[in-house]
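Here the structure is laid out as structure tokens; the discussion comes afterwards.
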Amino acid sequence: MKKVLMIVIDGAADRSVNGKTPLSVADKPNLDEIARRGINGIMDTIAPGIRPGSDTAHLALLGYNPFEYYTGRGPIEAAGAGIEVKPGDVAFRVNFGTVEGEGSIFNKVVVDRRAGRVSDTEDLIRAINESVKLDVDFVLAKGSGHRAALVLRGENLSDKISDTDPKKIGKKVKRCVPLDESEDAKRTAEIINDFMEQSHKILDAHPFNKERAEKGLLKANALLLRGAGEVPEVPKFQDRYGMSLAVVAGTTLIKGIGKFLGGDVIDVEGASGAADTNMDAKVDAALKALNSHDFVLLHFKAADELGHDGNFEGKREFIERLDTAIRPILYLDFSEICLIVVSDHTTPVSVKEHTADPVPVTIVYDGVRVDEVTSFNEFQAYKGGLCRIRGADLINIVLDLIDLTSKFGA
Ligand SMILES: [Zn+2]
């Protein structure tokens with residue numbers, strides 16, 4: 001079977017600053033060679049004018065309508081934390097935080113939303129899973145650093161409930177309240193409030209936290225919940241497209257998307273979402289994954305972070321290093337492997353947030369109608385043969401190219 005390699009340069013696209021963008025001024029011979037050998041265009045990842053999150057953008061890039069399959073960050077974080085989520089589960093993003101005060105957790109004030117950036121939370125998580133007793137089944141799982149994920153499983157649950165994380169220090173922990181009139185939402189909110197009280201008591205008295213307090217460290221004595229989402233019925237990537245999926249990424253969110261869609265996440269030594277991520281090792285891992293999988297997503301995060309920081313030069317420099325790292329990809333056999341290079345959304349240094357400006361996209365494969373575009377950037381992409389497409393079109397175009405689609409009509 002023909003294979004697909006999709007390279008996503010997160011947030012690489014930008015708005016024009018005096019006629020320039022980091023992509024347009026970067027010295028990037030390899031990305032430009034890819035643009036020269038391929039068919040190019042611009043893409044509205046979700047739809048014109050819709051600002052994508054990285055999560056909804058990646059769902060769209062993989063052919064999953066985010067309006068249908070995105071119910072909040074909770075389910076994706078939970079999948080990324082290694083929980084086998086099931087349709088109907090209600091999942092939350094969780095932070096270990098520090099609270100102080102007397103009595104009920106809801107009378108206490110958040111003094112740190114990251115509990116002093118605690119990360120060795122394994123014992124605390126085990127204690128919660130063993131000792132908290134609720135009316136439904138639940139699982140708490142460790143995420144990266146101070147993060148975790150919580151899943152409630154059972155009948156008559158609802159995700160129409162509020163967060164308990166006040167999202168600001170100096171504020172009291174919030175009581176969970178139903179956000180609609182349903183009995184399910186009322187019941188779920190009560191279960192969460194029960195969870196909040198019980199987990200706080202266990203954490204506050206745990207030897208791990210006593211020891212932290214003695215050392216003058218902040219106790220990890222509260223679980224702050226947000227982003228409740230009911231896990232939808234999601235067809236696995238393999239079932240939907242007949243291709244096995246592998247994801248090579250340093251960020252937990254993108255790993256979570258991979259697991260959410262039933263794909264394999266390839267762990268790479270030294271890979272992270274930061275600018276100093278081990279890019280050579282990631283490229284190497286992606287190339288190896290093409291031997292064992294049919295569709296490989298290779299994700300690079302830092303251009304987005306540098307966009308959020310408003311750092312034009314940093315973004316340009318990262319793109320140049322990435323360009324050097326991806327050189328081995330030019331030697332792939334493009335009669336066997338279809339290559340896509342794309343940015344998931346625009347993160348302009350002038351805005352420091354995601355915007356809806358369309359992104360450049362290039363497809364390299366035997367037989368594509370190679371156009372006159374000679375550089376991978378926002379200004380040239382408009383002139384390419386793909387013209388303007390939506391994120392959801394991309395996988396259909398690729399499936400057609402590699403002959404994995406069937407005719408509509410006779
Ligand atoms: Zn992104």
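What to note about this one:
- Rounded Å value of the spacing that divides the Cα centres of segment 93-113 and segment 245-263: 31
- Projecting the Cα atoms of ILE329, LEU217, GLY262 onto the charge dipole of the chain (Cβ charges, centred on the Cα centre) puts LEU217 farthest toward the positive pole.
- Summary of packing: across the peptides 295-304, 28-37, the per-residue average of other C-beta atoms within 10 Å ranks them, highest first, as 295-304, 28-37.
- Sum of -39500 (n - 2.57) over DSSP H runs of 4+, divided by residues of the chain (222 nm, nearest 500): -9500 deg cm²/dmol
- Percent of C-alpha pairs per 10 Å bin, segment 77-230, short to long: 12, 44, 35, 8, 1
- Packing around the peptides 7-16, 213-222, taken as the average count of other Cβ atoms within 10 Å per residue, puts them in this order, highest first: 7-16, 213-222.
- Descending principal axes extents, segment 236-378, alpha-carbon based, whole Å: 41, 37, 27
- Volume of the convex hull of segment 35-149 (Cα atoms only), normalised per residue: 193 Å³.
- Here segment 77-230 is assigned +1 on the Cβ of each Lys and Arg and -1 on the Cβ of each Asp and Glu. Its dipole about the Cα centre then comes out at about 780 debye.
- Convex hull of the chain built on C-alpha atoms - directionally averaged projected area, nm²: 21.8
- Cβ-placed point charges (K, R +1; D, E -1), dipole of the chain about Cα centre in debye, nearest 20: 720
- For peptides 129-136, 253-260, sequence by mean Cβ density within 10 Å, most packed first: 253-260, 129-136
- Within straight-line reach of LYS259, meaning a Cα separation under 21 Å, sit the following lysines at least 8 residues removed in sequence or on another chain: LYS3, LYS86, LYS142, LYS236, LYS282, LYS288, LYS301.
- Distant-in-sequence amide H partners of CYS338 (H built 1.01 Å from N, under 5 Å): LYS3, VAL4, LEU5
Every read-out reported here was derived from the displayed coordinates using simple, explicitly stated rules and does not represent laboratory data. This structure is a prediction, so every number in the text was calculated from the model and none was measured. No Cβ is skipped: glycine too gets one built from the backbone with ideal geometry, and neighbour counts run over all protein chains shown.
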